[in-house]
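Beneath this line is the structure, given in structure tokens, with notes to follow.
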Amino acid sequence: MILPEIERLIRCGREKQPADIADLTKLLAGDTASDNALFHAADHLRQQTMGDEVYLRGIIEFSNYCRRHCDYCGIRAGIPGASRYRMQPDEIVACAVRVWEQGCTTVVLQSGEDPWYNIERMETIVRGIKQHTPAAVTLSIGERSADDYRRLREAGADRYLLRFETSDRNLFSRLHPDSDYDRRLECLASIRAAGFQVGTGFMIGLPFSDTEMLARDILFTTALQPDMIGAGPFIAHPDTPLAGHTLWSDPDIYLRVPALLRLLNPWAHIPATTAYDAIRADGRDRVLQCGANVFMPNMTPGAYRRQYQLYPGKPCVDEPDTKCAVCVRGRLARLGRTIGRDAGHSRVAARVGCRVSRVGGSV
Ligand code: 5AD
Ligand code: FES
């Protein structure tokens, strides 16, 4: 069964036309029949555009120091008794080599906003990784100056992830006591201008949000034409101001979002984000069947993992260093999916400043 709303969204995605918010809110409200049709359509479209390969992006969470106070985040500044760590540049490069050796063609470096890693140190790390591995490098280190972004790109980093978290200006201010909505969007523009492949996205089920806001998040993401889209459930951390907020009562809302993102962004890389495994043991596997084509094994050295808890129930925190890279192979095999052998660069075509041409066929 293909519903008219789904057909219209697929057409908008293909023709890069703005979608009707009413189609999104209807499908976000969902029921078993429309969910089945939606998940099937997203999975089918992913198969046509991105194929059955899943790209492995090994993530190294190299510092849990953060200067910001985002209300939702478990590593925000000022949490009493938090134990903090910083990996040394040579330790990060050595870890990146292990990531590559484990079969991940991309290394993702993520941290809190930690000024200890000034631009010179970050350049050294990126250059070191590029010298010792052929891996693509993705950075996820928050807001920086336009000049820093340019220098990081020149040092060889390929991609940059910076979520806008919510497209609602008022909610953004409420959750970010020391960040600014316009500045976040300026950063995204500078990241693109620096020549990075750009990843952005938002959290699903934030307190004080509703399904209409989610529909707007989906439209906003699509309008940015990102190369990669990361969205995942918000999970309340007990040591933050948002402690006690529960998950939304309808668990399928969390799957409808990546499925709708896929319909509107047929060529984007969409990861099955880690937080999905915190709400269900097979959470990430299910997202891979609803439009996603990327998996990010945790490659942070075991000693540090427990301390990088953005939210409670984060999976894999007690696993040894390379367990996730092994585990993911079994998970993908059970889903009938293969592992992407190339770097998995952007397939979003005809983008201003895009240095990477689309690979693969067309739909
Ligand atoms: N629940 C879910 N996701 C979170 N993030 C931060 N805190 C939480 C939380 N409590 C996400 C943010 C950030 C990304 C690195 O992790 O979206 O951009
Ligand atoms: Fe980490 Fe399975 S993905 S142990």
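The values are calculated or read from the model by the stated rules, or taken from the named source; none is laboratory data. Values in this document were obtained by computation on a predicted structure and should not be read as measured data. As a convention, Cβ positions derive from the backbone with ideal geometry for all residues, glycine included, and neighbour counts pool all protein chains shown. For the accessible areas, the whole protein counts, side chains as well, though only heavy atoms, and no ligand, DNA or RNA atoms are used. Shrake-Rupley method; radii C 1.70, N 1.55, O 1.52, S 1.80 Å.
For the reader, a short list of remarks on this structure follows.
- Count of the range 289-305 residues, restricted to those that are more than 14 Å from ligand 1 (Cβ to nearest atom), touching a helix residue (DSSP H, G or I) at 6+ places or on another chain (Cβ under 8 Å) and either closer than 17 Å to Cys95 by Cα or outside any loop (DSSP other than H, G, I, E, B) (or both), is 4.
- Residues in the range 199-225 that are part of a strand (DSSP E or B) and open to solvent by 10 Å² or more (accessible area, probe 1.4 Å): 1 in all.
- Among the residues of the range 15-43, the ones that are among the hydrophobic types (A, V, I, L, M, F, W, C) and either touching a Cys at 6+ places or on another chain (Cβ under 9 Å) or farther than 15 Å from Arg262 by Cβ (or both) come to 8 in all.
- Candidate set: the range 306-351, residues that are among the charged types (D, E, K, R) and under 18 Å from the mean Cα position of the chain (by Cα); chosen: the one nearest to ligand 1 (Cβ to nearest atom): Lys314
- Within the range 134-154, the set of residues being hydrophobic (A, V, I, L, M, F, W, C) and open to solvent by less than 10 Å² (accessible area, probe 1.4 Å) comprises Ala135, Ala136, Val137, Leu139, Ile141, Leu152.
- So Ala42, is it of a type in the set (A, V, I, L, M) and without any contact (Cβ under 8 Å) to a residue 24 or more places away in the chain: no
- Of all residues in the range 1-47, those being in a helix (DSSP H, G or I), polar (S, T, N, Q) and more than 23 Å from the chain's Cα centre (by Cα) number 3.
- Failed criterion for Val97 (all others in (1) over 22 Å from Asp227 (Cα atoms); (2) open to solvent by 20 Å² or more (accessible area, probe 1.4 Å); (3) touching a residue at least 40 places away in the same chain (Cβ under 8 Å) hold): (3)
- Taking the criterion of being within 16 Å of ligand 1 (Cβ to nearest atom) and open to solvent by less than 20 Å² (accessible area, probe 1.4 Å), the residues of the range 155-166 that qualify are Arg159, Tyr160, Leu162, Phe164, Thr166.
- Which listed residue is open to solvent by 10 Å² or more (accessible area, probe 1.4 Å) and either assigned to a strand (DSSP E or B) or within 20 Å of Ser346 (Cβ to Cβ) (or both), from Leu263, Leu188, Leu247: Leu188
- For Asp277, the conditions (1) outside any loop (DSSP other than H, G, I, E, B); (2) away from ligand 2 (no atom under 16 Å from the Cβ); (3) closer than 22 Å to Leu161 by Cα are fulfilled apart from (2).
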